[in-house]
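First the structure, in the form of structure tokens, and then the observations on it.
The values are calculated or read from the model by the stated rules, or taken from the named source; none is laboratory data. These numbers come from a predicted model, not from an experiment. With ideal geometry, Cβ positions are generated from the backbone for all residues, glycine too; neighbour counts draw on all protein chains shown. Heavy atoms of the whole protein, side chains included, go into the accessibility calculation; ligands, DNA and RNA do not. Shrake-Rupley method; radii C 1.70, N 1.55, O 1.52, S 1.80 Å.
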Amino acid sequence: MAKVTGLDGIVAADTDISLVDGTQGHLVYRGFWAKDLAVQYEYEEVAYLLCNGVLPDQAQNQQFTKNLTESRQLPEALKRLLDIIPREMPIMGVLQTAIAMLSGGIFIWPPTKEQAIRITAILPTIIAYRYRMQNGLSVIEPKPELGHTANFLYMLTGELPKPAHVKALGAYLILGMEHGMNASTFASRVVLSTQSDMASAISAAIGAMKGPLHGGAPTEVIAMLDAIGSKEHAEPWIRESLERGDRLMGFGHRIYKTKDPRAEALREVTEALSGNDPWFDLAVHVEKTAVRLLAEYKPGRHLYANVEFFAASIMRAIALPTELFTPTFTAARVVGWSAHLLEQAEVNRIFRPQSVYTGPMPG
Ligand code: CMC
């Protein structure tokens, strides 16, 4: 008999935070279509929605944004830690360690919105600090007059980012914030359910996120776009791959049996920005060509672009180094983890599933 693994189809919790419906291609955050939020709202507003259950009014948004902005700075002890962690340690491991170090102080059971704001605000600063330090670049302090997304790009590059790039990355961050009871969210809820603290729970979530089966970087999509290189090469290149029986990276999805709503929203954003940047242009053209040719070579399979295709396209267009793809996804998903941890604490009961012993009995 096959061994039971993976908790497939098991409901671990009721949640008011999001709905993921793979059959209908729906992704809902707290009663709103995630794709609409990604196009119409800013990171701060959607983060507020996920953690509070309602969109903020103007005053609430101002206060929340101010709180986030004031929580970006790294404590000196954390900077010292980031300076001494060996250079070769991958950045996701560094993030996991740095967040675990926040434990204690304000980070004690139960989780609070103040804790959620602190972790959400500090994560991009940790990523940028470590990235620049590791690459021998001077560290850039956060700029209070910039919003969360623009400030992240500014701390990475030291330059004021283009509005089109901020818009595109902001849409990706919003669509990456939340996706139901995925592995990292579940891991964080399990840790918190022992009445451990929010920093420990998020550190565990980062440990789950870094695995290639979860937050792995969409590097294959980048390789494909790099190999295609220009609009004229798209059709012959894609035809040749499909003739060989290769899979087109960034197309098809196991859960979404129809269009991936996250990809749809990112396509809209990318389309709106094409003309602004040759990479947006190329991505839009490759997507259209690939969908047409997939329908020709794989009739009846309903293959569309998935979230990774446009995530990679956007990250390539804004020149984000590949090593920062998973950390950037983490800077998005930290909001969903925080919302889930606040929800977990409201109805907390320790997670304690059972296992079925299939080993031998003593003789
Ligand atoms: N390019 C070409 N053909 C494809 C592709 C593709 N990207 N995806 C599926 N097919 C074909 C496949 O060859 C098969 O055809 P046939 O029946 O003639 O042999 C048919 O479609 C069904 O394929 P499947 O393997 O049963 O589909 P699946 O649901 O098991 O696979 C998938 C889902 C994502 C692994 C697959 O679509 C794929 O390999 N895509 C490319 C890799 C990729 O983009 N991965 C990122 C997914 S998004 C991750 C996330 O949400 O976090």
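Annotations for the structure displayed:
- At 1.567 mPa s and 4 °C, Stokes diffusion of the stretch 100-239 via Kirkwood alpha-carbon radius, µm² per second: 73 µm²/s
- Neighbours of residue 191 by Cβ distance under 15 Å: Lys/Arg scored +1, Asp/Glu scored -1, total +1.
- Since only 169, 274, 306 are under comparison, the one whose Cα sits farthest along the positive direction of the charge dipole of the chain, derived from C-beta charges on Lys, Arg, Asp and Glu, is 306.
- Calculated FRET efficiency, residue 231 to residue 272, Cβ-Cβ distance, R0 = 22 Å: about 0.75 to the nearest 0.05.
- Evaluated at q = 0.06, 0.15 Å⁻¹, a Debye calculation over the C-alpha positions of the chain (equal weights, vacuum) places log10 I(q)/I(0) at -0.23, -1.36.
- Under the Karplus curve 6.51 cos²θ - 1.76 cosθ + 1.60, θ = phi - 60°, whole-Hz ³J(HN,Hα) for the stretch 324-336, x wherever Gly or Pro sits: 9, 4, 5, x, 5, 4, 5, 5, 7, 5, 4, 5, x
- Seen from every direction in turn and averaged, the convex hull around the alpha carbons of the stretch 1-75 projects onto 8.6 nm².
- Taking the Cα centre of the stretch 124-175 as reference, the dipole from Cβ charges on Lys and Arg (+1) and Asp and Glu (-1) amounts to some 120 debye.
- Inter-label distance, nm, simple model (7 Å from Cα along the C-beta direction), residue 301/residue 12: 3.1 nm
- For the options 297, 41, 172, a Gaussian network treatment of the chain with springs between C-alpha atoms closer than 10 Å singles out 297 as fluctuating the most.
- Hull-based mean projected area of the stretch 27-121, where the convex hull spans the alpha carbons, in square nanometres: 7.8 nm²
- Derived scalar couplings ³J(HN,Hα) [the stretch 252-267; Karplus, 6.51 cos²θ - 1.76 cosθ + 1.60; whole Hz; x for Gly, Pro]: x, 7, 6, 7, 6, 8, 9, 4, 6, x, 5, 5, 4, 5, 5, 5
- On a per residue basis, the chain carries 48 Å² of accessible surface, using protein heavy atoms and a 1.4 Å probe.
- Taking 0.36 nm per residue of sequence separation and removing the Cα-Cα distance, the residue 258/residue 71 pair yields an extension gain of 63.3 nm.
- Kirkwood hydrodynamic radius of the stretch 275-363, from inverse mean 1/r over distinct Cα pairs, in Å: 17.9 Å
- Amide H contacts for residue 26 (H built 1.01 Å from N in the peptide plane; partners 5 or more residues away or on another chain; cut-off under 5 Å): 21.
- Longest segment of the chain lacking GluC sites (Glu not before Pro) that sit in a DSSP loop with at most 10 other Cβ atoms within 10 Å: 160-363
- Equivalent ellipsoid semi-axes, the stretch 187-228, via Cα gyration tensor eigenvalues times 5, rooted, Å: 34, 7, 5
- Within the shell defined by Cβ-Cβ distances under 14 Å, the residues around residue 322 carry a net charge of -3, with Lys and Arg each +1 and Asp and Glu each -1.
- Net length gained if the chain between residue 355 and residue 80 were fully extended (0.36 nm per residue, minus Cα distance): 94.7 nm
- Compared with the direct C-alpha span, the chain from residue 195 to residue 33 gains 55.1 nm at full extension, assuming 0.36 nm per residue.
- Relative intensity, log₁₀ I(q)/I(0), of the stretch 157-224 from a Debye sum that treats every alpha carbon as a point, q = 0.23 Å⁻¹: -1.02
- Expressed as a whole percent, the accessible surface of the chain that belongs to carbon and sulfur atoms is 54, based on a 1.4 Å probe.
- Options 84, 129, 60, ranked by Cα towards positive dipole end of the chain, top entry (Cβ charges): 84
- When only the Cβ of Lys, Arg, Asp and Glu is charged (+1, +1, -1, -1), the dipole of the chain relative to its Cα centre reaches about 680 debye.
- Other residues with beta-carbon under 11 Å from the beta-carbon of residue 95 carry, at +1 per Lys or Arg and -1 per Asp or Glu, a net charge of +2.
- Translational D in µm²/s for the stretch 225-276 (Stokes-Einstein at 4 °C, 1.567 mPa s, Kirkwood Rh from C-alpha pairs): 99 µm²/s
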